[in-house]
Ligand code: NDP
């Protein structure tokens, strides 16, 4: 068992964690990033990325994350392969224990554990993922411009995604398993008023239909009558919620009703001084690589200030 110590411990290696690492390393905090089960985060399971600023041509999500990691290492970040299984935030330094048995101690802790889109778990979904089935309209909607698309879900995300998709498609169908939406009234009003959107009520997806050529339709089952039907489509967006990775912090940091870490508004500060949260683990609204990178940067700047103030106080009392 080894104990690794640092001024800045970062859990998670998506855009938020790696941006925090780049800024932290350049500020002399010698960060350690513990990479977790999915090194690079959600972008490593996407393909084309067209909305990350700085690249005129389409880039690949996994490539972008390799570059971010290389940049973080280049400026002095230590990347460690481990999965954190427990954390103790009750005293400073903050302590985390890895699956390997190693212990990590940080004067500051940056939580960048991200979130995972929830999937329906029906046949065809994973096989056609990236070939017509997606969990992010903002990321992938553009690839289906001029085509017929569907969105599955009835919450704020589903309605926002349906409205967003009308920028690219004149034929958007929202498929919901009940006869009323969970989304806020104002979003519902916009949805119902939109001429390019129709809603299929009381329908759940039985399976996705397609092959090598991609998605061709969704097989539906009526939740009231049991009747089967097929909705032809080339793009299906599953928008049934996200699950933030906050299990580790249960009982130590407050979370909202959906499980996201609560931060001081407009900052990455959690309720514990020196513990910061950035990226999708604290943001259920925007959830973009670029916003995650932005909040990662904010976490590092605040961590740097926290360390500097503490060192200054220690000098004064010495
Ligand atoms: P929600 O949990 O609010 O909604 C999920 C939707 O998916 C529900 O309509 C649910 O149906 C449906 N669903 C869940 N599981 C299945 C399934 N297996 N098959 C079919 N349908 C399913 O998630 P959201 O991502 O929409 O929102 C999460 C949180 O983020 C909410 O608090 C939301 O308000 C917030 N948010 C806020 C935004 C904003 O303020 N602009 C934007 C986006 C999200 P059912 O209704 O039947 O349970």
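Quick notes on this structure:
- Residue in the stretch 44-63 that is part of a loop (DSSP other than H, G, I, E, B), on the phi > 0 side of the Ramachandran plot, in contact (Cβ under 8 Å) with a residue 12 or more places away in the chain and surrounded by 14 or more Cβ atoms within 10 Å (Cβ to Cβ) present: no
- Residue match in the stretch 266-280 (condition: within 30 Å of residue 181 (Cα to Cα), within 13 Å of the ligand (Cβ to nearest atom) and in contact (Cβ under 8 Å) with a residue 12 or more places away in the chain): yes
- If you go through the stretch 241-254 and keep only what is at pLDDT 95 or above, buried (at least 18 other Cβ atoms within 10 Å of the Cβ) and within 16 Å of the ligand (Cβ to nearest atom), you end up with 244, 245, 246.
- Being within 12 Å of the ligand (Cβ to nearest atom) and at pLDDT below 95 holds for only one residue in 125, 184, and it is 184.
- Residue pairs meeting the criteria (Cβ under 7 Å; at least 6 apart or on separate chains; first without any contact (Cβ under 8 Å) to a residue 60 or more places away in the chain and closer than 9 Å to residue 111 by Cβ, in the stretch 244-257; second part of a helix (DSSP H, G or I) and within 16 Å of the ligand (Cβ to nearest atom)): none
- Between 109, 187, 191, 174, the distinction of being surrounded by 24 or more Cβ atoms within 10 Å (Cβ to Cβ), more than 30 Å from residue 83 (Cβ to Cβ) and in contact with a helix residue (DSSP H, G or I) (Cβ under 9 Å, 6 or more places away or on another chain) belongs to 174 only.
- Per the conditions (1) under 19 Å from the mean Cα position of the chain (by Cα); (2) within 16 Å of the ligand (Cβ to nearest atom); (3) in contact (Cβ under 8 Å) with a residue 12 or more places away in the chain, the sole criterion not satisfied by residue 294 is (2).
- Look at (1) modelled with pLDDT of 95 or more; (2) part of a loop (DSSP other than H, G, I, E, B) and you find that residue 19 fails only one, number (2).
- So residue 197, is it surrounded by fewer than 15 Cβ atoms within 10 Å (Cβ to Cβ) and within 16 Å of the ligand (Cβ to nearest atom): no
- The stretch 203-318 holds strands (runs of 3 or more DSSP E) entirely within its bounds, and those carrying 1 or more residues that are under 20 Å from residue 17 (Cβ atoms) and out of contact with any helix residue (DSSP H, G or I) (no Cβ under 6 Å at 6 or more places or on another chain) map to 242-244, 275-277.
- Residue that is farthest from the ligand (Cβ to nearest atom), among those in the stretch 138-155 that are farther than 11 Å from residue 234 by Cα and surrounded by fewer than 19 Cβ atoms within 10 Å (Cβ to Cβ): 142
- Filter result for the condition that a residue is in a helix (DSSP H, G or I) and more than 16 Å from the ligand (Cβ to nearest atom), over 96, 72: 72
The values are calculated or read from the model by the stated rules, or taken from the named source; none is laboratory data. Owing to the predicted nature of the structure, the values given are computational and were not obtained by experimental measurement. Every residue, glycine among them, receives a Cβ derived from its backbone with ideal geometry; neighbour counts consider all protein chains shown.
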